[in-house]
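Asker: Sharing a structure here in structure tokens format.
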Amino acid sequence: MSEVSYQTFLSDIGRLGAERFVPLAPGALGTRRKDADRKLTVRISKQQARWLEHIEGITGKGIDADVVVRVLIDLGRELDVDWAMLASGAAVREAVADAVRVRQATIRS
């Protein structure tokens with residue numbers, strides 16, 4: 001009888017209909033300023049505002065809050081989330097957290 005490795009078993013999961021993770025398609029986050037023809041006003045927390053200001057500051061104004069918001073909206077469109085089933089902000093946050101794998105930088109000491 002042949003042995004079946006753990007890796008072989010896991011590789012079969014994708015063929016059985018289980019979830020799998022794939023890279024974003026080229027251009028998935030491609031909405032440019034010149035493509036934007038709508039205005040959006042959103043309420044954000046002080047912490048979110050500080051983060052956006054930090055991004056603007058460290059890039060020397062090469063990236064502004066508008067481009068960050070456009071990219072995040074494009075990213076949201078790519079997520080496997082059943083938006084019609086969500087009824088609250090908490091449900092949106094939970095569904096997005098379930099749909100995303102976050103790559104964190106390793107910290108060198």
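The values are calculated or read from the model by the stated rules, or taken from the named source; none is laboratory data. What you see is a predicted model, and the numbers here were worked out from it, not measured in a lab. Methodologically, a virtual Cβ is constructed for each residue, glycine included, from the backbone with ideal geometry; neighbour enumeration extends over all protein chains shown. Each accessible area value is taken on the protein alone, full model and side chains, heavy atoms only, with ligands, DNA and RNA left out. Shrake-Rupley method; radii C 1.70, N 1.55, O 1.52, S 1.80 Å.
Asker: Does Ile73 count as in a loop (DSSP other than H, G, I, E, B) and either among the hydrophobic types (A, V, I, L, M, F, W, C) or free of Cβ contacts under 8 Å to residues at least 60 places away in the same chain (or both)?
Answerer: no
Asker: Restricting to the stretch 85-105, name every residue that is within 9 Å of the chain's Cα centre (by Cα) and open to solvent by 90 Å² or more (accessible area, probe 1.4 Å).
Answerer: Arg101, Val102
Asker: Looking at Ser5, is it at pLDDT 95 or above and at negative phi?
Answerer: For Ser5, the condition - at pLDDT 95 or above and at negative phi - is not met.
Asker: Now a separate question. Kindly indicate whether Gly30 is at pLDDT below 90 and in a loop (DSSP other than H, G, I, E, B).
Answerer: Answer is no for this residue.
Asker: Quick check on the stretch 99-107. Is at least one of its residues over 25 Å from Ala36 (Cβ atoms) and either modelled with pLDDT of 90 or more or among the small types (Gly, Ala, Ser) (or both)?
Answerer: Checking the stretch 99-107: at least one residue is over 25 Å from Ala36 (Cβ atoms) and either modelled with pLDDT of 90 or more or among the small types (Gly, Ala, Ser) (or both).
Asker: Only residues that are at pLDDT 90 or above, open to solvent by 90 Å² or more (accessible area, probe 1.4 Å) and among the basic types (Lys, Arg): list them for the stretch 46-84, please.
Answerer: Selection gives Lys46, Arg50, Arg77.
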